[in-house]
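So that we are looking at the same thing, I have put the structure below in structure tokens.
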Amino acid sequence: MTDAALGIRPHTGWAVTVAISGEPTILLDRRRVALVDGSVPRQAYHAAAGIGAERGRRLVATATETVDRQTREALTDLIGELRANGRVVTSVGIAGEPHTAAVAASTLHRSEDDVCRLVIELGREAGPPWRTDHKEAALATLIARCEDTPRP
């Protein structure tokens, strides 16, 4: 099995995932995954605001359970597909804070230009779409992979 790293850029009701591996870095997978299945509103807190405290709490609890379940299922599927292709996920990065190229460059001990070129090349290999979400997930993946590497 070869190591792989996974990056996630979450949004309300959905997320973008990017999986990378190797040195040189190669893109293994990128996808958009649904975190809400339609049984609850994507914006549960907004929906709960006008329906009373108790009903609102129940709605938010149900929405939270739905997102937890959908997230587990999506990540289990992705990790299973990677494993079936000889990859084992050893690092996960979540792009919630700004994962700028400068942060990645500092973490990777590379120039910011090198990191930007790497992310651009990953997108070129993947083809469209390669949007900001994909780039942020890729940066989170690069940072996580580096942070999980033992140093002497």
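Rg/Rh for region 1-112: what does it come to with C-alpha atoms and Rh from Kirkwood?
1.09
Can you show me the helix-derived [θ] at 222 nm for the chain, built from DSSP H runs with n ≥ 4 at -39,500 (n - 2.57) apiece and divided by the number of residues, rounded to the nearest 500.
Calculated mean residue ellipticity at 222 nm is -16500 deg cm²/dmol.
Another question, then. Give, in nm to one decimal, the length gained when the segment between ALA53 and ASN85 is fully stretched (0.36 nm per residue of separation minus the Cα-Cα distance).
Computed gain between ALA53 and ASN85 is 6.7 nm.
A further question on this structure: Just tell me, in residue order, which DSSP H segments of the chain are both 18 angstrom or longer along the helix axis (alpha-carbon based) and at least -1.0 in mean Kyte-Doolittle hydropathy.
53-84, 112-126, 132-147
Let me ask something additional. So how strong a dipole does the chain carry about its Cα centre when Lys and Arg Cβ are +1 and Asp and Glu Cβ are -1, to the nearest 20 debye?
380 debye
Counting Lys +1, Arg +1, Asp -1, Glu -1, what net charge surrounds ILE79 among other residues with beta carbon under 15 Å of its beta carbon?
Its environment carries a net charge of 0.
Along the three principal axes, how long is region 60-152 when you take its alpha carbons, biggest first, rounded to the nearest angstrom?
Sorted largest first, the three principal extents are 45, 31, 30 Å.
If you don't mind, there's one more thing I want to ask. Using the basic label-point model (7 angstrom from Cα toward the beta carbon), what is the ALA61 to GLN43 distance in nanometres?
For the pair ALA61/GLN43, the computed spacing is 2.5 nm.
Each reported figure results from applying straightforward, stated rules to the coordinates on display, with no laboratory input. Small disclaimer: the values here were computed from a predicted structure and weren't measured. Heads up, the Cβs are rebuilt from the backbone with ideal geometry, glycines too, and the neighbour counts pull from every protein chain shown.
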